[in-house]
Structure formats: structure tokens, C-alpha cells
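Data block below; observations after.
Read the figures in this text as sums done on the coordinates, not as results from a lab. Quick caveat, the model's predicted, so the values are computed rather than measured. Quick reminder, even Gly has a Cβ in these numbers, built from the backbone with ideal geometry, and neighbours come from all protein chains shown.
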Amino acid sequence: MLADIVETVQQSRLRGIYLMLMLMTVAFMVINGGISHFGVVGKPTASDFDAFYMASRLALRGDIVASYDYAQYVQQQIELMGKNYRLTWSYPPPYDLVVAPLALLPRGLSFGVFFAVTAGAYLLMLRRAAGNQFLTMLLLMLGPICANMFFGQNGLLTGTLIGLTVIGLRDRRGWAGIPLGLMIIKPHLALALALYVVIDRRWQVFFVAALTVGIASLLPLLLLSPDIWDAFLAGIRNTAGFLQGRFYPFCRMVSAYASLRSAGLPADVALAGQGVVAVTALAAIVLAQRRLPTVQALGFAACASLVLSPYAYDYDMPVIGAGLALLLPTLLANGGRWERSLLYANFFVICGWGAFHTRYYGPSQVGRTAAGLLLVLLLVQLWVIINRPAQGEAADVPATS
């Protein structure tokens, strides 16, 4: 069964070799991506990372506001890569500060440094969150980690911030508010944990997060442009219009909205369906906080992060890594082998759908996806298992070391 394959890695006598192979895979993806963006072999590769690099170039020129104007951003793409790759820029201004240094380095080297740092940080975070189940979690998250290098995205950065928040909340540390506040770079992915902080009355974390958000919001005004927030809001309106149309590749999205939209439903109907999923997930987080132990409730809240927004992609899957790590001991104790096998299979399909579609049908295809509905199913699977009384079937739980 799939559960046996995934879970026996941790206690295998070959676990050192497995760890080395997985780390070598991550290192290969970083190096290969850097070389591809240098264009050492053939034509330089274009990826989502170029969106960060172009914003950095504009920031260093003192014209970061232009990145939120789609027409000017298209001109940047033509200047850098020779044609319009349909990349857009709608990140909050604090993320402009994150990407600003990227263009100080050549494109390929910048790619390598960015992913060496973010992948390294994510692996360290996952090690802390997973404890003696690190190899199992690394095997589960290897696909999403590599997908971020394949697409050139920032899910490892946001996954690290969410993971540090989860670890801090688990250990009852006030500093958990710092990474939570820094998630202003992608606030829609932090809503679940923000709700958890409020209903669990972690007021120290709440105020630290609020202070972090305030400082992070002020710095772009002082360091980049006094008009940057106005430009960002205008860019968000454009993004909302693109999302309602068929501009973004649904095949790479993992939201219920994208699944319903790609099935042919009108945008307003799909958005209503997304709303039902989000409200249900938020209610489940409240219920989990009231009836489950802290670790399980917190883990579920982290895993629910992705189902709240219509704008969620496959490269965002690392944000649930720490939450899944917290739930894993309960899944091993309470879930049967068939249940865990189905859960892992569902997880792999969600993570791999977009990469498979892009590889075989091309990046320009809008495509269809069931990943958003499968992600909802994944949450249901988690909910059923963690709310079940412990089975006590020791033989069904792999030994750890």
C-alpha cells in the first residue's frame, strides 16, 4: 500500500540514503533552475521567478509603481525576455522590499540564491515541525518543494513563514506573531491562523502580528514610493478582473473556485461555491479549537489555509507542511492503512496536477482542474481521522526513531 511506502522511509535502515537522495533532488532543482535562467544550455528559461526579477529591476530604477500597471509590466517582459509571457504583479508592497535586491545579481544566479535560501529555510522549519517524522514529511512535501523551483515561485518562503507561525503557536511563543505578520506578503494564506490566534485568545501573538504588519506596511512608503499602496490597490482590481475571466491557468490552481470555473460554471456561481467552502472551513477551525487538543486544532487550521481564497496555486502547497506534520502522529494512530493510502494519494494528485498538465499540455493552456475539490476532500479526510478516538492498533503504526 502507498501508506507503507511513505511511512516506512522513516524507520528504514536506509533512511540516511533516502535523506541524501531527497536533499540531492532539491539541490539539483536549484542548480538546474539557475543554469536554465542563465541560458548556458540553449535559450534561457522563462518562469514565474521572472515576475520577481522584473519587479526588482523596476524597484532599483525607482519606478516600482509601474509594476502594478499591466501595460508597463508587459513592456518589461518584452524587454527582458523578448515577448509577453502574461505575467502580472499584484503582490502587496512589503513583498516589493523582499524582491528588490534580486536584480543586483544576474538572472540565473539570482534564481539560485533565492531558492537556495528559501528551500534551506523551509527544510529547517519542516525538520523542527516534524521531529522524528521528518523523512516522512520530506517525502510528502518533496513534490511541492520541487514544483516551486520548476515554476519559479515563492511557496517555500510563505511556507516557511506559516510553518514558523505554527511552531511558535505550538510552543506558546509570542514571537509567532512576527512570521504571522510578515505574511502580509500573501495575507489570504494567513487568514486561517489569524482566526485561530483570535479564538484561542493568543493576544500577545495578535499584538506582535499587528505591530509587524504596521511596520511592514510603512516601510515601502518610506523606502520605495509614497504612491505604492494606491498603485497596489489599482493592481488588485485588475487581478480580480483577470481571475473572473480565463486569464490565469486554472490547471495550476487548487481552489474550489478554479475547479468550479474550469468545469464551465459562471464566475459568480463559482465564487459563491468558494464562499461556502471558506465559511465551512472557518467554522471547522472554530470547532476544532474547542473540541480538539491544541496540536491537532492548530495543525488542522494550518492545513485549512489554502481553501479560503479563490486565488490559491499548487506552488502554495508548502504552507500546509507544518500543519500536516503536527497531524501526522494522529493520522498514524487513528487512521487505517487504506485511509492513509487514500489520503496520501489524494495529496500527491493535488500537488502534481498542475505540473503534469503544464509539462504535457504547455504553460499557456488554461486547462481544467479538480485539485481544488480534491483539496476540500483532503480536509474532510483529515477531519474524520483526527476526530476519531485513538484506535490503539500499534501494529498499524510504523515505528519511529
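Quick one: order 339, 79 by neighbouring beta-carbon count within 10 Å, fewest to most.
On the way: 339 16, 79 10.
Ranked by crowding around the Cβ, least crowded first: 79, 339.
Once fully extended, how much extra length lies between residue 234 and residue 199, figured as 0.36 nm per residue of separation less the alpha-carbon to alpha-carbon distance?
Between residue 234 and residue 199, full extension yields an extra 9.3 nm.
Rank 80, 5, 62 by how far each Cα sits towards the positive end of the charge dipole of the stretch 2-389 (+1 on Lys, Arg Cβ; -1 on Asp, Glu Cβ) and give me just the farthest.
Among 80, 5, 62, the one farthest towards the positive end of the dipole of the stretch 2-389 is 5.
Quick one: net charge of residue 152's neighbours, Cβ under 9 Å, K/R +1, D/E -1?
Net charge around residue 152: -2.
Here are labelled values, (i) -0.53, -0.66, -0.97; (ii) -0.76, -0.86, -1.07; (iii) -0.83, -0.92, -1.12, and one is the computed log10 I(q)/I(0) by the Debye sum over Cα atoms at q = 0.09, 0.10, 0.12 Å⁻¹ for what I pasted. Which one?
Correct label, based on the coordinates given: (i).
Quote the FRET efficiency, to the nearest 0.05, computed for residue 72 versus residue 221 with a Förster distance R0 of 22 Å and r equal to the Cβ-Cβ distance.
It comes out at approximately 0.60.
Determine the distance separating the Cα centre of the stretch 1-77 from the Cα centre of the stretch 149-192; give it in Å without decimals.
So the two Cα centres are separated by 19 Å.
So, counting K/R as plus one and D/E as minus one, what does the shell of residues with Cβ under 10 Å around residue 87 add up to?
-1
Using only helices, what value at 222 nm comes out for the chain when you add -39,500 (n - 2.57) per DSSP H run of length 4 or more and divide by the total residues, to the nearest 500 deg cm²/dmol?
Computed ellipticity for the chain at 222 nm equals -22000 deg cm²/dmol.
What's the FRET efficiency of residue 283 with residue 345 using the Cβ-Cβ distance as r and R₀ = 22 Å, to the nearest 0.05?
On the way: r = 27 Å, r/R0 = 1.24.
E between residue 283 and residue 345, to the nearest 0.05, is 0.20.
Can you compute the charge dipole magnitude of the stretch 2-389 about its Cα centre, using +1 on each Lys and Arg Cβ and -1 on each Asp and Glu Cβ, nothing else charged? Give it in debye, rounded to the nearest 20.
I would put it at about 760 debye.
Only counting other Cβ atoms within 10 Å, I'd like 102, 326 sorted with the fewest neighbours first.
Lowest to highest Cβ neighbour count: 102, 326.
Taking the Cα-to-Cβ direction at residue 18 and at residue 84 and moving 7 Å from each Cα, how far apart do the two end points lie in nm?
Computed distance between label sites residue 18 and residue 84 equals 4.9 nm.
Express the relative contact order of the chain as a whole percentage, based on alpha carbon pairs under 8 Å and six or more residues apart in sequence.
21
Can you give the FRET efficiency to the nearest 0.05 for residue 38 and residue 295, using r as the Cβ-Cβ distance and R₀ = 56 Å?
E between residue 38 and residue 295, to the nearest 0.05, is 0.80.
Grab the other residues whose beta carbon is less than 13 angstrom from that of residue 134, score K and R as +1, D and E as -1, and report the net.
The answer is +2.
For the stretch 293-314 and the stretch 319-351, what is the separation of their C-alpha centers, rounded to whole Å?
First find each Cα centre; the distance between them is then 13 Å.
What is the angle, in °, between the Cα long axis of helix 371-386 and the longest principal axis of the Cα atoms in the chain? Nearest 10 is fine, range 0 to 90.
It is inclined by approximately 30 degrees.
Using Cβ contacts closer than 10 Å as the measure, can you line up 232, 115 from fewest to most?
Exposure proxy ranking, most exposed first: 232, 115.
If one computes the Cα centroid of the stretch 131-147 and of the stretch 196-227, what distance in Å separates the two points?
Cα centroid of the stretch 131-147 versus Cα centroid of the stretch 196-227: 30 Å apart.
Of 167, 231, 148, which is farthest along the charge dipole of the chain in the positive direction, counting Lys and Arg as +1 and Asp and Glu as -1 at C-beta?
Value computed over the given set: 167.
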